[in-house]
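The values are calculated or read from the model by the stated rules, or taken from the named source; none is laboratory data. Because the structure is a prediction, the values reported are computed rather than measured. So basically every Cβ, Gly included, is an ideal-geometry build from the backbone, and we count neighbours across all protein chains shown. Accessible surface areas use protein heavy atoms only, side chains included; no ligands, DNA or RNA. Shrake-Rupley method; radii C 1.70, N 1.55, O 1.52, S 1.80 Å.
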Amino acid sequence: MGKNPNPQGKGGSLVLNTLSEQRARLAAVPAKHVEQVSTELFTSLFVLESEFRFQPVPGKPYYLYCKVGVYRLSINPPSMWSEDIAGRFIGECELQPDMTWTLALADDMADDPAFMDELQRKRDAFEQRLDGADSMDEVLPVHEKRLGFYRRASAFALAHSLGRSMQQSGILELSYAEAQGRLKHDGE
């Protein structure tokens with residue numbers, strides 16, 4: 001048997017390693033109902049629309065800022081930045097083990113009518129996308145060329161995770177309305 005010419009993995013593919021790491025975290029994702037999928041997908045897409053150039057780690061807090069209409073995810077909390085530099089603090093985000101994101105809005109953002117209106121417009125546009133899709137899996141961010149590397153890898157992992165959850169729930173190939181109907185039927 002010959003020697004491994006690259007025993008330390010030097011020069012290995014960052015893309016393949018990153019995707020493999022994220023896929024390994026998804027070995028056992030739970031089944032989720034359509035409303036949970038919808039909420040998690042919307043929140044995750046909102047976070048992934050922000051700029052960042054680092055590999056997020058599940059369970060670690062991140063901080064979302066907005067400056068001149070551009071959202072940016074940072075590892076630095078608001079106590080380390082002035083608003084002049086970072087922009088307005090939107091809230092604290094956390095990547096979950098299943099590669100979905102949570103967002104806890106800052107108190108002043110939850111009370112800001114202009115921001116809440118913007119968020120509602122984004123949610124309405126997302127709901128229209130869901131309503132217009134033939135199946136739930138059509139709205140998953142499988143390959144988003146417009147995103148930077150770590151954002152694209154995170155979107156891929158999110159799509160894989162929610163796709164598995166929806167498959168386990170039996171709603172992956174259903175339309176949004178059909179999946180909602182199943183939820184109502186199951187709730188009776």
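Of note:
- Selected residue (criterion: surrounded by the fewest Cβ atoms within 10 Å (Cβ to Cβ)) from residues of the stretch 131-143 that are under 16 Å from the mean Cα position of the chain (by Cα) and either under 19 Å from residue 103 (Cβ atoms) or touching a residue at least 12 places away in the same chain (Cβ under 8 Å) (or both): 143
- Single match in 26, 19, 64 (criterion: under 17 Å from the mean Cα position of the chain (by Cα), at pLDDT 95 or above and on the phi < 0 side of the Ramachandran plot): 64
- Checked against (1) crowded, with 16+ Cβ neighbours inside 10 Å; (2) modelled with pLDDT under 95; (3) closer than 30 Å to residue 171 by Cα, residue 97 meets all criteria but (1).
- For the condition of a type in the set (Val, Ile, Thr) and open to solvent by less than 60 Å² (accessible area, probe 1.4 Å), residue 90 qualifies.
- Of 146, 164, 182, all but one fail to be open to solvent by 20 Å² or more (accessible area, probe 1.4 Å), modelled with pLDDT under 95, within 17 Å of residue 72 (Cβ to Cβ) and out of contact with any Cys (no Cβ under 9 Å at 6 or more places or on another chain); the exception is 146.
- Hey, residue 125 aliphatic (A, V, I, L, M), in a helix (DSSP H, G or I), without any contact (Cβ under 8 Å) to a residue 12 or more places away in the chain and surrounded by fewer than 17 Cβ atoms within 10 Å (Cβ to Cβ) or not: yes
- Positions within the stretch 108-122 being charged (D, E, K, R), out of contact with any Phe, Trp or Tyr (no Cβ under 9 Å at 6 or more places or on another chain) and in a helix (DSSP H, G or I), in sequence order: 117, 118, 121
- Candidate set: the stretch 30-52, residues that are more than 15 Å from the chain's Cα centre (by Cα) and open to solvent by 10 Å² or more (accessible area, probe 1.4 Å); chosen: the one nearest to residue 99 (Cα to Cα): 30
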